[in-house]
1. Report the label-to-label distance for residue 70 and residue 95 in nanometres (one decimal), using points 7 Å from each Cα along the Cα→Cβ vector.
2. Number of Lys-Lys pairs in segment 20-133 under 19 Å by Cα, sequence gap 8 or more or different chains?
3. Can you figure out the FRET efficiency of residue 63 with residue 132, using R₀ = 22 Å and their beta-carbon distance, to the nearest 0.05?
4. Could you check the simple spin-label distance between residue 111 and residue 24, using points 7 Å along Cα→Cβ, in nm with one decimal?
5. From the phi angles alone, apply the Karplus equation (6.51, -1.76, 1.60; θ = phi - 60°) to segment 80-88 and give each ³J(HN,Hα) in whole Hz, x where the residue is Gly or Pro.
6. Per residue and in Å³, how big is the convex hull formed by the alpha-carbon atoms of the chain?
7. In sequence order, what are the phi-derived ³J(HN,Hα) couplings for segment 118-134 according to the Karplus relation 6.51 cos²θ - 1.76 cosθ + 1.60 with θ = phi - 60°, rounded to whole Hz, with x for glycine and proline?
8. If I stretch the segment between residue 122 and residue 36 completely, what's the gain in nm (0.36 nm per residue apart, minus their alpha carbon distance), one decimal?
Amino acid sequence: MPRYLWKIPFINRIIFKIPNLNGEWEGVYVRNEDEERYSLKLKITQSLSKIIISSSSVNSTGKSISIEMVKNEYNDVNLVYAWESKHNSLIHPDTIEHMYGLSLLRIENSDTLSGTYFTNRTPQTKGKCTFKRI
């Protein structure tokens, strides 16, 4: 029963206080290195005790490794997650590379996530990202 109760807005606001992020998200990330905008789609699957994120773009696919929803000292709810991705190499575009990254996304409202990310890619990439629920 609690498996579904947390999704009922009235009950969630009183008891669980967990944002429901289930669904498809579209967004962009902007690398600090080149200021170009890159499209990325997220699929978030969430239950009361677990969140899974998968991502896809023209050149990559990825999945979450570890996710934590945390509240900061200003009562902002943030999604912090480590992920892994397979993508085309920056140096050799015909080569597939494997990388890890970390994203810190502020849950601005039920339909907007925005924040920063960094990777262990060579050369390292970092930047900002914003997603809207579709």
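1. Between residue 70 and residue 95, the label points sit 3.4 nm apart.
2. 16
3. The pair residue 63/residue 132 has a calculated efficiency of 0.60.
4. Going by the 7 Å Cα→Cβ label model, 1.6 nm.
5. 10, 9, 9, 9, 10, 8, 10, 7, 6
6. Per-residue hull volume (Cα only) is 108 Å³.
7. 8, 10, 9, 4, 10, x, 4, 10, 7, x, 10, 8, 9, 10, 10, 5, 10
8. 29.2 nm
Coordinate-derived values only; no laboratory data. Nothing here was measured: the structure is a model prediction, and the numbers come from that model. Every residue, glycine among them, receives a Cβ derived from its backbone with ideal geometry; neighbour counts consider all protein chains shown.
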